[in-house]
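The values are calculated or read from the model by the stated rules, or taken from the named source; none is laboratory data. Just so it is clear, the structure is predicted and the values come from calculations on it, not from any experiment. Counting neighbours? That spans all protein chains shown, and the Cβs are built from the backbone with ideal geometry, glycine included.
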Amino acid sequence: MAITITVNGTARTLDVEPEMPLLWALREVLGLTGTKFGCGISACGACTVHLDGRAVRSCVLPISAADGKTVTTIEGLAQDGTLHKVQQAWIAHQVPQCGYCQSGMIMAVAELLTRTPAPTDEEIDAGVTNICRCGTFARVRAAIHAAAGTEGATS
Ligand code: FES
Ligand code: FES
């Protein structure tokens, strides 16, 4: 089945089975390996990408559901050579440890800040449910507040 998706600004036509998970298409067909496989059951968020601007867990999303839509992966988050403000905050706060969960975490946070530019701690907890085995959650929270400009605010 021919599927057409726009990935990081480029239209791509893929001849794949319609039930192939979007994550597989990104990693195995398009070679975009920045998006990671963690659990495969929509539990961890390592595979998070944006589908028409919304964060989705690509391990459980059939490629057919992305037909005609726009996908952004971690490789496409920076624009014109400038890192996204979330990526900049991640560097400043030295968030990653092993790094495995971090591309999905960053994509989830980038979408949260689009929907909720100045999130409270409660909104962060509700909006970013990604799992990090290295336990970077405190640094993630601090970096989110830095990227949102709410550093030091009580919420
Ligand atoms: S790999 Fe998709 S949610 Fe864990
Ligand atoms: S930084 Fe290692 S799993 Fe999150």
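Results for (1) touching a strand residue (DSSP E or B) at 6+ places or on another chain (Cβ under 8 Å); (2) within 16 Å of ligand 1 (Cβ to nearest atom); (3) modelled with pLDDT of 95 or more, shown as yes or no for each residue.
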{"residue": "Leu77", "(1), (2), (3)": "no, no, yes"}
{"residue": "Met105", "(1), (2), (3)": "yes, yes, yes"}
{"residue": "Asp125", "(1), (2), (3)": "no, no, yes"}
{"residue": "Cys134", "(1), (2), (3)": "no, yes, yes"}
{"residue": "Ala143", "(1), (2), (3)": "no, no, yes"}
{"residue": "Thr154", "(1), (2), (3)": "no, no, no"}
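Would you mind stating whether Pro96 is in contact with an Asp or Glu (Cβ under 8 Å, 6 or more places away or on another chain), modelled with pLDDT of 95 or more and not charged (D, E, K, R)?
When the stated conditions are applied, Pro96 does not pass them.
Any chance you could count how many residues in region 125-142 are closer than 12 Å to Gly45 by Cβ and hydrophobic (A, V, I, L, M, F, W, C)?
Number of matching residues: 4.
Of the residues Gly38, Gly53, Gly68, Gly34, only one is within 11 Å of ligand 1 (Cβ to nearest atom), touching a residue at least 60 places away in the same chain (Cβ under 8 Å) and of a type outside the set (Lys, Arg); which?
Going through Gly38, Gly53, Gly68, Gly34 in turn, just one is within 11 Å of ligand 1 (Cβ to nearest atom), touching a residue at least 60 places away in the same chain (Cβ under 8 Å) and of a type outside the set (Lys, Arg): Gly38.
Checking Asp80 against (1) closer than 27 Å to Leu26 by Cα; (2) surrounded by 18 or more Cβ atoms within 10 Å (Cβ to Cβ), only one condition comes out false. Which one?
Tallying (1) closer than 27 Å to Leu26 by Cα; (2) surrounded by 18 or more Cβ atoms within 10 Å (Cβ to Cβ), Asp80 fails exactly one: (2).
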